[in-house]
Amino acid sequence: MPKAIRYTLLSLRDLAASAGPFIVLAFALLALAYWWLDPNPPKRVTLATGPAQSAYEEFGKRYAKALAAEGITVVLQPSEGSAANLQLLREGKVDVGFVQGGTSDYTEQDEEDLASLGSLFVEPLWLFYREDAARKVAAAARAGKTKASQAAGKADPAEDASLSSLTQLQGLRVNTGTPGSGVPSLMAKLLESNHIDPASLKISRLEQTPATVAFLGGELDAIVFASAPESLMVQMLLQTPGVKLMNFAQSEAYSRRFAFLTPTRLPRGVVDLAANIPPDDVRLVASTTSLITRTTTHPALQQLLAQAGNEIHGGAGWFKSAREYPNRDNSELPISKEAERAIKNGTPVLQRYLRFWVANLVERMWLVMGIIIAIMLPLSRIIPPLYAFRVRSRIFRWYGRLRDIENRVDGSGDSDRNSSKNEALLEELNDLERRAEKITVPLSYTDELYALRGNIHLVRKKLQRL
């Protein structure tokens, strides 16, 4: 092997041996920080959605598609609706779920275990009714006033086939949905505020799809559910002949009585401009739906879900302007720090240029890496002295033997005996010199090697004088 290569390899070996403990310590600290921070999220998350053909189901599919692009599998868990989703979250059976405001009363334990990833969209209370049922209500109201108006016959459908108050529902067959949807609880609060005894209504608790079938078949007079306008049921019923949407004339008053409700308006023609559906502005009351997660859900997943929410819910819609949602308003639970940052600042800079898992790893480890660097930099100063010690030790360890030989040199007494003893020391010194000639050190330390060989020569001269 050429000497230059040999010197280089030897220098690298000494450097590796000197810096080895330092490098091992650095990697151990990084491994400990990685284990403690757990920066990379799990590859699977469960999202509670809602019944079939609901807006929750549609949004769940969009979240699944968005997270699949980052290698995260979203398992969609169908449910009866908002209240059922909240119960699944409380039981820890799902990681995330859509929960409508006002469908449940939160406890102190909920505030510890659950967090909001932001308000996503408003869910109007859709109360669809049949026009023929509204005519019967109008006819009964007119009959109660005077016998003369009763004898006048039916009223003009265009004038009388409309409902604008919950008090007009008394005596009608109304479906308020399953308890898991949260709508029965919401309707109970609204009926109570209108001093309406629920027993005065013929209330049923069918699921959304069978209830809609019964409603269209004439078995129900009205159907109530809360959903975003993206719901296929909403889209279909808004365009069904003989079906009308109730106008909440007191929407402002409802919003004053209930903090979780906001007044909203379905603009004229927004469903179908050509057909002018609806023919007039319709006032509605709406609650805000949030994406709720368990606080144990990985922070990176919370951030990714909030970022997906910005894309999915950030556009303009029937009841919102562009970039109005998601937001941090109307939240009944504490907002997750990860979601708050995503809503406020959007996608982090690193994620705009790197894959999510790389950007997330750097983002969550940079502070710890800075601390580790701050600790290791002072410690790194011991590497050069340690390296120098290792190289010099290959030379210095022979000085002990050289001193021992020199100490045994004896110039007094019997000359024959001293001569024999010094010859033995001289032979031992020659052996030491042969070993010293085989010592290999980096070129920067050869001066100390030559110093050793020079000192051996001085001792030899001393022996030869005796």
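The values are calculated or read from the model by the stated rules, or taken from the named source; none is laboratory data. All of these numbers come straight from a predicted model, not from anything done at the bench. All Cβ positions, glycine included, derive from the backbone under ideal geometry; neighbour counts span all protein chains shown. Protein only, heavy atoms only, side chains kept; ligands, DNA and RNA dropped before computing areas. Shrake-Rupley method; radii C 1.70, N 1.55, O 1.52, S 1.80 Å.
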Item to check | Additional length obtainable on full extension of the chain from ALA52 to ASP132, 0.36 nm per residue less Cα span | outcome: 26.0 nm
Checklist entry - When ranked by the protection proxy of mean other Cβ atoms within 10 Å per residue, highest first, what sequence do the peptides 394-400, 214-220, 132-138 form? => result 132-138, 214-220, 394-400
Next on the checklist: Rounding to the nearest 10 and keeping the result within 0 to 90°, find how far the Cα-based axis of helix 383-407 lies from the longest principal axis of the chain.
Outcome noted: 20 degrees
Checklist outcome for this item: Spelling it out for ILE203: with amide H atoms placed in the peptide plane at 1.01 Å from N, the residues 5 or more places away or on another chain with amide H under 5 Å from its amide H are VAL174
Item to check | In degrees, nearest ten, helix 415-437 long axis to first principal axis of the chain (Cα) | outcome: 30 degrees
Item to check | For the chain, accessible area per residue (1.4 Å probe, heavy atoms of protein chains only), Å² | outcome: 53 Å²
Checklist entry - Which three lengths, in whole Å and largest first, does region 15-120 cover when its Cα atoms are put on their principal axes? => result 67, 35, 22
Item to check | Residue among PHE22, ALA52, TRP35 farthest towards the positive dipole end of region 8-112, charges placed on Cβ | outcome: PHE22
Next on the checklist: As an exercise, use a Förster radius of 51 Å and the Cβ-Cβ distance of TYR353 and ALA424 to find the FRET efficiency, rounded to the nearest 0.05.
Outcome noted: 0.10
Checklist outcome for this item: Computed over the chain: longest principal axis from alpha-carbon atoms vs helix 183-193 long axis, angle to nearest 10 degrees, is 50 degrees
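Once neighbouring chains are kept in place and the probe is 1.4 Å, which whole percent of the accessible area of region 264-350 is contributed by carbon and sulfur?
Working: 1930 of 4060 Å².
Ligands and nucleic acids excluded, carbon and sulfur give 48 percent.
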Checklist entry - Dipole size in debye (nearest 20) for the chain around its Cα centre, Lys and Arg Cβ +1, Asp and Glu Cβ -1? => result 1760 debye
Next on the checklist: Positive end of the dipole of the chain, charges at C-beta (+1 Lys, Arg; -1 Asp, Glu), about the Cα centre: which of VAL409, TYR445, LEU88 has its Cα farthest in that direction?
Outcome noted: VAL409
Item to check | Gain in span if fully extended, LEU25 to ASP197, counting 0.36 nm per residue against the direct Cα distance | outcome: 54.6 nm
Checklist entry - At SER321 and GLU111, where each label point lies 7 Å from the Cα along Cα→Cβ, what is the point-to-point distance in nanometres? => result 3.3 nm
Checklist entry - With each label point set 7 Å from Cα along the Cα-Cβ vector, what nm distance links SER380 and LYS65? => result 4.8 nm
Checklist entry - Using the per-residue mean of other Cβ atoms lying within 10 Å as a proxy for protection, in what order, highest first, do the peptides 335-347, 381-393 fall? => result 335-347, 381-393
Item to check | Extended-chain gain in nm, criterion 0.36 nm per residue less alpha-carbon gap, ASP431 and ARG90 | outcome: 114.5 nm
Checklist entry - Taking only the alpha carbons of region 62-146, what extent do you get along each of the three principal axes, in Å, biggest first? => result 68, 35, 20
Item to check | HIS457-ALA388 pseudo-label distance in nm [points 7 Å out on the Cα-to-Cβ vector] | outcome: 2.6 nm
